[in-house]
Structure formats: structure tokens, C-alpha cells
Amino acid sequence: MQLNGLRNHSFCIYGAGIVSVSAYMAVKTLYQNKPLFFLVTDPEDGQTATDLTPQEIDGIEVKYLSQWQRELQSGIHSQSVPEYYLIATPALYHEAIRHSLHLTEGAQIADSQMIFLTGERENELMELYYSQLPDHTTVRDLLEKTAVQRKDASNLPVQVFQAKSHMDHPLQNVNDVRSIQGQLYHGAYRQPSYIQPVQAGAALTDRVIAGLRDDEGDNISCKNCNYCELTVTYYAWKHCTAAYKGICHYRRIFDISDTQMRMLLQREQEWDVILPYPSVHDPDISTQHLRYVKEADWQGMLQALSETAPEYLRAYEKYIAGNGRFFYNFNMLIAKAEVFDDYCDFLFRVLERTEEMVTPKEAERADRFAGYLGENLTTLYFLKNRDCLKIVNTGKFWLT
């Protein structure tokens, strides 16, 4: 079943995180229908439910699978069994969810009732959603206005660095990627030439997993346990001389082929930065920092903003504290060099001061706090500057 079929059928959404809430907002807007409820997996044995799982989203109840099972067995809400189930979670959980739904007694859920939000479907849904919102431009908007030029896609003036760590889990499945870009060679995904792997946290290991390392020259490689992929962002800031530069991840890359990148460069006057489609949050994006950032770190970041970039603190009060709902996840971007460098100057200035305030002397942290704060600062930077920058959005691939 296609997603637009949800317009005329009852359904529930499996998931209550950033993928599912964004999908919900898009489906509600595009197809004028709401799910009966949200469904989530129970905590694993030995664990308890946490406050991170909301009780409701936009006034719609969030149920644990076991709770729904009990309702079915007791006859409660027996008339509210959905016709379809939109599985809106990262793809690595899809098979486990399929199995759990098959085992749900009293519902008799078939595969034909499950709609899995693959990377392809998520990109299509969010592209359609954002194309209908005012003041949002998508990469597809620009590509549709550009004639394909059959030129060699190599030697593009673009370098996007893919952060890879020696601690990364092996990738098992790249079907989402190759089904979109159609680049399959001997069973392996052929990565666009503008993307270059860089070993993140190279200073912390003797293993070598990439030709480029983030511990060369001016670097913060030794801070990778806290800064995550941002140590590669710093490397790009200090060492890359390309006209356009950016950052992605070993598990998440942009939905832009070499040919499409060349087409985008033909319209370089129409964009300054490419960002992934922002996630949509309910009731606002405070749900993001409450989930991932300690309150002391958050307050330290706000104090650092007041000291090093007071104009951004004022923007925070306007765009984030004031019930903002759109959030740029993952610290991913492709930008003109001058935009990328200005963004980095702001980002690392604030993070350095925050780190000084929230890390006790002679203590060591390894909890990725700066990487999570970086997502919030990335969101803040581009929300503040959205009137003076030409921002376009695109999809991403989740590699599993």
C-alpha cells in the first residue's frame, strides 16, 4: 500500500521518536488523517519504562505493545483495531517489529497491513511535506529546473567528509541506498566521488580504517568521545580548501548522487547550504535536548552563548525557547566554504567555552555531550541565519 492510501483508512504508527513524529506530522498535513494511536516496543527484560517515551503525541495516546495486547485480550477498544500499521522507525528495527506484530494475539496482522517507512519512503514523504510548506526549498525543486549535462562527475569542487570510527558496527544492508541511486558493483554500494571517508578519533587508536585521519595538523581528534563526528567537522574547517565542503556519517549520507551534485552546482546562486530535512517535534524541540542532554550541560551551553555569541542567545529565545518545532539532526551539512567556516567558528567557540564550564578539572568525560549539543547549535545557527542564507533541504540514507 502507498502512503497516500492512509487518507481513507484507519491506521496506527509504530514508533514515538523523531522518525515517527515527523512522519505523523507529514501524514496529518498531506492526507488529513490521524492515527488511532502510537505503538512502541516494551522495554527489554530487566529494564523499566523511562520518561523518554511520551504518554501522548499531539493528543494521541502512545501505547506499549504489551498494553495493547492486554486491551485486545480483554475486549477493551476491540472496535479500534487499525486497518494498517505505519512502521516509522530506523530500518534496523523493522524485522523485529514485523515479528512482534505477527505474534500479537487478537489482531491477526498480515504483512499486507504493514507499511514500512524505508529510507526511500521517508525521503519521499518529507520531500512532499516540505515542498508544501512556505519558505522551504528542497533539492528536488532545484533539480527539476536543471537540465542533465552528461559530463564526468569526478573532480567536483565539493568535499564532503564521511566520519568513520574504528568502533563503528559493520554495515549489514545497503538496499535502501542502491535502490535509489542504482549504483551496484559486485554486491557493494558505490559511494559518490564527492564523499571522502575520514577516520574520526584517529588519535585514540592504533587502528587505521581510512586514508584521511582527523588527527592531522590542527585538530581535536582526542576529544572524539565527546565531540563524535564534530572532530571531523573541525578537520574539514581547518584543512579543506574546496569551494563547497560538508560532513556526513558512516551510517547516514545525503541522497545526492554525483550527477545530481553537478546539476546543483549549475544553480549555485540559488543555494548556500544543503541540510537534511529537519525533524518535526511535538510539542516543540525541547523534547530533543531533554532526551539527550543533561540539564547542567544545557545551562552551560546557554551561558557560553551569552558570553561568546549573545546575538545567538537572543535567537535561541526567539526560535527555540519560543516553541520551535523544526530541528536539524545529525550535524550534517554541505555548504559554500565561507558559510561552512562561519558556522564552524560559531560552533566550536561555543562548545569550547561550554566544555570549560561543565567538565570538572582533571576529570574525563566520554558521554558524547558535545556532539548532542552540536545538533542544537547547528539548528540554532541556521534558524537564526535563515533570512540571509539560501537553505535547501534533502533526504538522507540510513545505512544499516
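For the range 16-50, which positions are aliphatic (A, V, I, L, M), open to solvent by 50 Å² or more (accessible area, probe 1.4 Å) and at pLDDT 95 or above?
Result: Leu36, single match.
Given the residues Asn393, Asn385, which is the only one that is in contact with a His (Cβ under 9 Å, 6 or more places away or on another chain) and at pLDDT 95 or above? Full working, then the answer.
Working: Asn385 fails: in contact with a His (Cβ under 9 Å, 6 or more places away or on another chain).
Result: Asn393 is the single residue among Asn393, Asn385 that is in contact with a His (Cβ under 9 Å, 6 or more places away or on another chain) and at pLDDT 95 or above.
Condition check: open to solvent by less than 50 Å² (accessible area, probe 1.4 Å) and over 21 Å from the mean Cα position of the chain (by Cα). Does Lys63 satisfy that?
Numbers: open to solvent by less than 50 Å² (accessible area, probe 1.4 Å): yes; over 21 Å from the mean Cα position of the chain (by Cα): yes.
Yes.
Given the range 238-323, what strands (runs of 3 or more DSSP E) lie entirely inside it while holding 1 or more residues that are in contact (Cβ under 8 Å) with a residue 24 or more places away in the chain and more than 19 Å from the chain's Cα centre (by Cα)?
In the range 238-323, 244-249 are the strands (runs of 3 or more DSSP E) which contain 1 or more residues that are in contact (Cβ under 8 Å) with a residue 24 or more places away in the chain and more than 19 Å from the chain's Cα centre (by Cα).
Please find, within the range 184-204, the residue that is least open to solvent (accessible area, probe 1.4 Å) out of those that are modelled with pLDDT of 95 or more and over 19 Å from Arg251 (Cβ atoms).
Applying the filter and picking the extreme gives Ala203.
Return a yes/no flag: does the range 271-281 have any residue that is over 19 Å from Glu317 (Cα atoms), out of contact with any Phe, Trp or Tyr (no Cβ under 9 Å at 6 or more places or on another chain) and of a type outside the set (Gly, Ala, Ser).
Yes, the conditions are met somewhere in the range 271-281.
Looking at Met301, Met332, which is the one that is in contact with a strand residue (DSSP E or B) (Cβ under 7 Å, 6 or more places away or on another chain), among the aliphatic types (A, V, I, L, M) and at pLDDT 95 or above?
Met332
Within the range 213-227, is there a residue that is in a loop (DSSP other than H, G, I, E, B), out of contact with any Ser or Thr (no Cβ under 6 Å at 6 or more places or on another chain) and at pLDDT below 95? Even if it seems obvious, please write down each step before you answer.
So in the range 213-227, the residues in a loop (DSSP other than H, G, I, E, B) come out as 214-220.
So of that shortlist, the ones also out of contact with any Ser or Thr (no Cβ under 6 Å at 6 or more places or on another chain) come out as 216-219.
In the following step, the residues that additionally are at pLDDT below 95 were identified as none.
No, because not a single residue in the range 213-227 is in a loop (DSSP other than H, G, I, E, B), out of contact with any Ser or Thr (no Cβ under 6 Å at 6 or more places or on another chain) and at pLDDT below 95.
The values are calculated or read from the model by the stated rules, or taken from the named source; none is laboratory data. Bear in mind that the values here come from a model prediction, so they are computed numbers and not experimental data. All Cβ positions, glycine included, derive from the backbone under ideal geometry; neighbour counts span all protein chains shown. Just so you know, the surface numbers come from the protein's heavy atoms only, side chains and all, with ligands and any DNA or RNA stripped out. Shrake-Rupley method; radii C 1.70, N 1.55, O 1.52, S 1.80 Å.
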